[in-house]
Amino acid sequence: MRDIKIQVNDLSLYYGEKKALKEISMQIPANKVTALIGPSGCGKSTFLRCINRMNDLIPSVKITGEMLVEGIDIYDKNVDVVNIRKKIGMVFQKSNPFPKSIYENVAYGPRINGLKDKTQLDEIVETSLRQAAIWDEFKDRLDDSALGLSGGQQQRLCIARTLAVSPDIILMDEPASALDPISTSKIEELVHQLKENYTIIIVTHNMQQAARTSDHTAFFYMGELIEMGKTNTIFTKPEKKQTEDYITGRFG
Amino acid sequence: MENTMDIVENPFSKANNNKGKEIKEKAVVGITQIAVLLIIAILFVILGIIIYQGRAKFSWEFISSFPTEGMTKGGIFPALIGTFILVIVMSIAAVPFGTITAIYLTEYAHEKSKFAAAVRFSIRTLAVVPSIIFGLFGLGFFIQFVGSGMDTAFNGGELHWGQPNILWASLTMALLTLPVIIVSVEEALKTIPRELREASLALGATKWQTIKQVVFPGSISGIMTGTILAVSRGAGEVAPILFTGAAYYLATLPGSLSDQFMNLGYHVYIMSTQSSDVEKTMPIQFATTLVLLILTLSLNLVAVIIRSRIRRKAK
């Protein structure tokens, strides 16, 4: 079972009285890209935000069940949420660089972890930017404000920023939904390269994107996990009628 | 044929309108315009009189010299310095306190927390308490309770802290201006988008690290606005310092926090009510008012400029 990174058992999530996720159970393989698809409001983003406990920030949320990352339940009382988030990075739908320089954005994570050594920081910034395939673009303008970059550049900077804290798992919440086709293809290419070293879970609205980038696909509908399997199988021979209807564009 | 158009009644014709409606509409517009003009006129009259009457006495010498001849001649230097010291000590007390409260309310308090609601209610109530009440509170609490207590404990009962001075006046003024600071800082903290907080938290930052690194740097200008507004309010208020530290006349500048001080607003008050010759001091009163007005107006202007910058940034 070494290749199972995340094991989810009967995970349910409530917003107050409303049950938004219903007994989700699934296995997410290591060093693969897993896509979460489904119509708006199906719970796929909510589920993604359970994996790094981002939903903790919403006061009315209650979660039951287990979320085992490498065998450890991250909702256990003894687990420190800060350590979880260092290990499980997140890229958001809307690129959200800090109003700081490119360098400071990438160095933010290592810095808050207490790294002060300039040489080491320089090294991490360079490696992270290289991994995000934007080193060549940015190396001469590291001190420029990140806010002056284009949407696509900002999003790749945000990916580099996430890589700088060296997580194992990267969660991506519709990372390309606000980008033009060229930027989108760059992000997809990047996802492909990154899966060698990281486990990636990506929420997407875009069916082609899921088909292109992912190894496994999970289909969510009305807070339930309807079906999960190899992307190839899900897109060609889905077992469930609902999955087929969604993929062929009959609803959603 | 060409007459057919004339036969059809024009539905947009003015003649169709109910005459009464039209008159009412005009009356309402007229009344609102008069009200607005009246406000502007009042402002101009006040400013006009003060500038006109005060300009003769208003000079560098007036600002930089002590009052002479039983305060019927000379300048307002000690009152100006006293006002500055007052607002500085007040800011040192009120700004950190107010900022910390605002951080608690926006960042840490639970959305539906009853405690936070109670704090917010208290702040709103504090903001509408008449300033003379603060003055009386300062007298009762700071001077008679804290000050006298300190004298009993440290000075063997000898009167030192248990009397009006800069410290108690500044702390009283700090209480008065606290709501202004809290509300301004809260407003500034709220302009930091949720996405940036999430970005920081998702990188493994603690809440405090996020506040320190992301939220706080983004709201510095809001804290400044709050401070300036508080200072400008504090510079103009007289009631809170009436019993807690303002002096009628001092021959020297205050040397420590336990000294009394002169103050611009209080100076105008005593000149117009307690002076041996009110007629003679009239130009001094107007010129002092002019100085006070310039001081508070320019502070407010700076605050407005900074605030509009924050608003623009928030969009």
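Checking the condition in contact (Cβ under 8 Å) with a residue 24 or more places away in the chain and open to solvent by less than 30 Å² (accessible area, probe 1.4 Å), which residue from B:Ser113, B:Ser131 passes? Result of the check over B:Ser113, B:Ser131: B:Ser131.
Among the residues of the stretch A:124-133, the one identified as closer than 27 Å to A:Val82 by Cβ and either touching a His at 6+ places or on another chain (Cβ under 8 Å) or outside any helix (DSSP H, G or I) (or both) is A:Ala132. Exactly one residue out of B:Thr191, B:Thr273, B:Thr206, B:Thr227 is within 25 Å of the chain's Cα centre (by Cα), under 30 Å from A:Gly89 (Cβ atoms) and open to solvent by 20 Å² or more (accessible area, probe 1.4 Å): that is B:Thr191. Only residues that are free of Cβ contacts under 8 Å to residues at least 40 places away in the same chain and not polar (S, T, N, Q) were counted in the stretch A:194-225, giving 2.
Among residues of the stretch B:57-69 that are under 17 Å from B:Gln285 (Cβ atoms) and in contact (Cβ under 8 Å) with a residue 40 or more places away in the chain, those with a beta-carbon under 8 Å from a residue that is basic (Lys, Arg) and not in a loop (DSSP other than H, G, I, E, B) at least six positions away or on a different chain give the pairs B:Pro67/B:Lys73.
On the stretch given as the stretch B:67-78, residues that are closer than 21 Å to B:Thr172 by Cα and outside any helix (DSSP H, G or I) total 0.
From the set of residues in the stretch A:57-89 that are assigned to a strand (DSSP E or B) and in contact with a Pro (Cβ under 9 Å, 6 or more places away or on another chain), which is farthest from the other protein chains (Cβ to nearest Cβ)? Checking each candidate, the answer is A:Ile88. Report whether or not A:Ser60 is surrounded by fewer than 18 Cβ atoms within 10 Å (Cβ to Cβ), in contact (Cβ under 8 Å) with a residue 60 or more places away in the chain and among the hydroxyl-bearing types (Ser, Thr, Tyr). Judged against the criteria, A:Ser60 is not a match.
Whether any residue in the stretch B:242-251 is at pLDDT 85 or above and open to solvent by 20 Å² or more (accessible area, probe 1.4 Å) is what I want to check. Yes: one or more hits. Quick one: would you say B:Thr172 is farther than 30 Å from A:Leu115 by Cα and of a type outside the set (Asp, Glu)? Judged against the criteria, B:Thr172 is a match. Scanning the stretch A:98-123 for residues that are open to solvent by 10 Å² or more (accessible area, probe 1.4 Å), facing chain B (nearest Cβ under 9 Å) and not in a helix (DSSP H, G or I) returns A:Pro99, A:Lys100, A:Asn113. Each residue in the stretch B:180-218 was checked for being of a type in the set (Ser, Thr, Tyr) and facing another protein chain (nearest Cβ under 7 Å), and 1 pass.
With respect to B:Pro164, determine if the residue is in contact with a Phe, Trp or Tyr (Cβ under 9 Å, 6 or more places away or on another chain) and open to solvent by 10 Å² or more (accessible area, probe 1.4 Å). For B:Pro164, the condition - in contact with a Phe, Trp or Tyr (Cβ under 9 Å, 6 or more places away or on another chain) and open to solvent by 10 Å² or more (accessible area, probe 1.4 Å) - is met. B:Ala169 - would you say it is within 14 Å of another protein chain (Cβ to nearest Cβ), among the aliphatic types (A, V, I, L, M) and either surrounded by 14 or more Cβ atoms within 10 Å (Cβ to Cβ) or touching a residue at least 60 places away in the same chain (Cβ under 8 Å) (or both)? Spelling it out, it is not the case that B:Ala169 is within 14 Å of another protein chain (Cβ to nearest Cβ), among the aliphatic types (A, V, I, L, M) and either surrounded by 14 or more Cβ atoms within 10 Å (Cβ to Cβ) or touching a residue at least 60 places away in the same chain (Cβ under 8 Å) (or both).
Could you tell me which residue of the stretch B:79-130 is modelled with the highest pLDDT, considering only residues that are outside any helix (DSSP H, G or I) and within 14 Å of chain A (Cβ to nearest Cβ)? Among residues in the stretch B:79-130 that are outside any helix (DSSP H, G or I) and within 14 Å of chain A (Cβ to nearest Cβ), the one modelled with the highest pLDDT is B:Ala109.
The values are calculated or read from the model by the stated rules, or taken from the named source; none is laboratory data. Given the structure is predicted, the values throughout are model-derived calculations rather than measurements. Quick reminder, even Gly has a Cβ in these numbers, built from the backbone with ideal geometry, and neighbours come from all protein chains shown. Side chains are part of the model used for accessible areas, which takes the heavy atoms of the whole protein and leaves out ligands, DNA and RNA. Shrake-Rupley method; radii C 1.70, N 1.55, O 1.52, S 1.80 Å.
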